[in-house]
Amino acid sequence: MGKTNTIRTFAAVALFACLQAPLPAAENAFANNKIESREQGLEAFRIKDWASSIVFLRQAVSVPAYSTANTWYMLIMSEMYAGEFSAAVNDCDKFLANFKGDPLCTAVQYQKGRGLHYLSRNDSAVLVLSDFCHDNPDDPMYASAIYWIAECFYEDCDYATAEPLYERVVNEFPTDSKVPDAKFRLEEIKQYAREEKLMYLLKMTGEEFLSSRENYERQLRGYQTQDMVGLRSQLGDAQKRIKELESQSSKSELEARQSRDQSYGNDQYSSKGVADEDLAALKAKAAFLERVLERKESESQKRPE
């Protein structure tokens, strides 16, 4: 029994020692995984597998030995290509803080400006890209930085500011890769200006048309009013003349009756002192004028103002 207890005690001590001591094999495996992640990230970047590149390079930069400016720059570019602009801008800030003076700082500053623009943070993007242009007038990306500044103003519909910047790219850097894009934007701005002018002309023409229509309708109403006044005047004159003729006719009939009584039976004497045809014509005219006035008044009431 004593020998058995001694063996058990020794085994327990050995197991405790194994648990406390680091395992060389596990450490080597962990280190190998980090090395493998970096290699996989580089390979994914080479074949433009941006999603995989981001995952593996993010693991690689977590190891101090592999957290180099080059690895961080490839991570930033992978994020830019993948459209993960918020992560790219954050990593640009980390790069600029941790690798001051590194030759890649100018490129990272340029990418940060682009990332801010893609996030629609155009005011900040203009500041970053303007500083880049001011500090690096001979940089190969200088023309592209001007283009992206113009894009910021274009997105904010400030075409008056964007247009001369696009023109600078086209005129001062005719061989730059951004020239076709800048020319396209200039055509869009010109088309927009033409559309604005056309809309203005249509608006002015429409206003003139409405004004002319109002004047025409006002004059038409005036003419109609004058016409109706004239018709009413003619009708009044006709009715007055009819009354006069009817009065004369009544008087003439009375005189004719008296004269007939005194003429001892002269049956051939005419009792009509006023021509019946004139009276009939006046009555017909008055009836016609009344019908015309009724029609015009009806039309005037139906016509909208």
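The values are calculated or read from the model by the stated rules, or taken from the named source; none is laboratory data. Source: prediction; values computed, not measured. Using ideal geometry, Cβ is built from the backbone for each residue, glycine included, and neighbour counts are taken over all protein chains shown. Ligands, DNA and RNA are excluded from the accessible area calculation, which covers all protein heavy atoms including side chains. Shrake-Rupley method; radii C 1.70, N 1.55, O 1.52, S 1.80 Å.
Quick look at the numbers
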read-out: Condition met for Ala44 (in contact with a helix residue (DSSP H, G or I) (Cβ under 6 Å, 6 or more places away or on another chain), assigned to a helix (DSSP H, G or I) and farther than 22 Å from Leu116 by Cβ); value: yes
read-out: Test for Asp123: is it charged (D, E, K, R) and surrounded by fewer than 23 Cβ atoms within 10 Å (Cβ to Cβ); value: yes
read-out: Among the residues listed as Ala193, Ala143, the single one being part of a helix (DSSP H, G or I) and open to solvent by 40 Å² or more (accessible area, probe 1.4 Å); value: Ala193
read-out: Inter-residue pairs, beta-carbon under 9 Å, first free of Cβ contacts under 8 Å to residues at least 12 places away in the same chain and in region 154-169, second of a type in the set (Phe, Trp, Tyr), 6+ apart; value: Ala160/Phe153; Thr161/Phe153; Thr161/Tyr154
read-out: Residue within region 171-178 that is of a type in the set (Ser, Thr, Tyr) and assigned to a helix (DSSP H, G or I) present; value: no
read-out: Tally of residues being under 26 Å from Gly101 (Cβ atoms) and part of a helix (DSSP H, G or I) across region 55-80; value: 18
read-out: Flag if Leu42 is closer than 23 Å to Cys105 by Cα and at pLDDT 95 or above; value: no
read-out: Members of region 111-140 that are among the hydroxyl-bearing types (Ser, Thr, Tyr) and either in a helix (DSSP H, G or I) or over 24 Å from the mean Cα position of the chain (by Cα) (or both); value: Tyr118, Ser124, Ser130
